[in-house]
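The values are calculated or read from the model by the stated rules, or taken from the named source; none is laboratory data. Being a predicted model, the structure only gives us computed values, none of them experimental. With ideal geometry, Cβ positions are generated from the backbone for all residues, glycine too; neighbour counts draw on all protein chains shown.
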Amino acid sequence: MEYKNVLTTCPFCGTGCGFFLQVLDGKIVGVLPDKKHPVSQGSLCVKGWNAHGFIYHEDRLKSPLIRRNGKLVEASWDEAIELVATRLGEIKAKHGPDSIALLASAKATNEENYLFQKFGRAVIGTNNIDHCARL
Ligand code: SF4
């Protein structure tokens, strides 16, 4: 058996707690808090303690889904991005940029959320941007 702890950052909110993923024979089997981490100092909330739970879950989405004839079917990332870009362009052309709103996620990093709001303001041209942490 081969066991190792891999230091990483919790992906579930912007707090950025640190923990070790416990890896046994190449498979992630658990989480241990990092006592030396400057933010979390050995503490984790329930989401952090269970951060590995989704990795091998059978319901995990591993590719984008596009609704076709009323059913969600797997698609490539290129197809999904093309569809979203096309539809956003159509909505903006028909109803104006303020007909589009963006809701950012606490599961994304600060840097990703910064880019998200920049995309909304500079590319789409709307200030209709909010974040789930404010709700
Ligand atoms: S452990 Fe909890 S508080 Fe810390 S980053 Fe993860 S979700 Fe946020």
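In this structure, does Gln41 turn out to be surrounded by 11 or more Cβ atoms within 10 Å (Cβ to Cβ), within 22 Å of Ala133 (Cβ to Cβ) and more than 22 Å from the chain's Cα centre (by Cα)? Considered against the rule, which asks whether it is surrounded by 11 or more Cβ atoms within 10 Å (Cβ to Cβ), within 22 Å of Ala133 (Cβ to Cβ) and more than 22 Å from the chain's Cα centre (by Cα), Gln41 comes out as yes. Put simply, of Gly96, Gly48 the only residue that is closer than 22 Å to Val123 by Cα and either within 18 Å of the chain's Cα centre (by Cα) or modelled with pLDDT of 95 or more (or both) is Gly96.
Taken over the range 13-38, residues that are in a loop (DSSP other than H, G, I, E, B) and either within 18 Å of the chain's Cα centre (by Cα) or aromatic (Phe, Trp, Tyr) (or both) amount to 5. Are there any pairs with C-beta distances below 6 angstrom linking a residue in the range 36-57 that is more than 7 Å from the ligand (Cβ to nearest atom) to a residue that is of a type in the set (A, V, I, L, M), with the two at least 6 apart or on different chains, and if so which? Close Cβ pairs (under 6 Å, with a partner that is of a type in the set (A, V, I, L, M)) amount to Trp49/Val31; His52/Ile28; His52/Val31; Ile55/Ile28.
Looking only at the range 91-108, residues that are aliphatic (A, V, I, L, M) and assigned to a helix (DSSP H, G or I) come to 2 in all. Could we say that Thr15 is under 30 Å from Val123 (Cα atoms) and polar (S, T, N, Q) here? Yes, satisfied. Looking across the range 23-33, the residues that are away from the ligand (no atom under 11 Å from the Cβ) and either without any contact (Cβ under 8 Å) to a residue 24 or more places away in the chain or of a type in the set (Asp, Glu) (or both) come down to Val23, Leu24, Asp25, Val29, Gly30.
Does Glu79 qualify as being touching a strand residue (DSSP E or B) at 6+ places or on another chain (Cβ under 8 Å), exposed (fewer than 14 other Cβ atoms within 10 Å of the Cβ) and in a helix (DSSP H, G or I)? Judged against the criteria, Glu79 is a match.
Give Ile91, Ile81 a once-over and let me know the one that is of a type in the set (A, V, I, L, M, F, W, C), under 20 Å from the mean Cα position of the chain (by Cα) and not assigned by TED's automatic domain parsing to the domain that holds Cys10.
Details: Ile91 fails: under 20 Å from the mean Cα position of the chain (by Cα).
Sole residue among the options that is of a type in the set (A, V, I, L, M, F, W, C), under 20 Å from the mean Cα position of the chain (by Cα) and not assigned by TED's automatic domain parsing to the domain that holds Cys10: Ile81.
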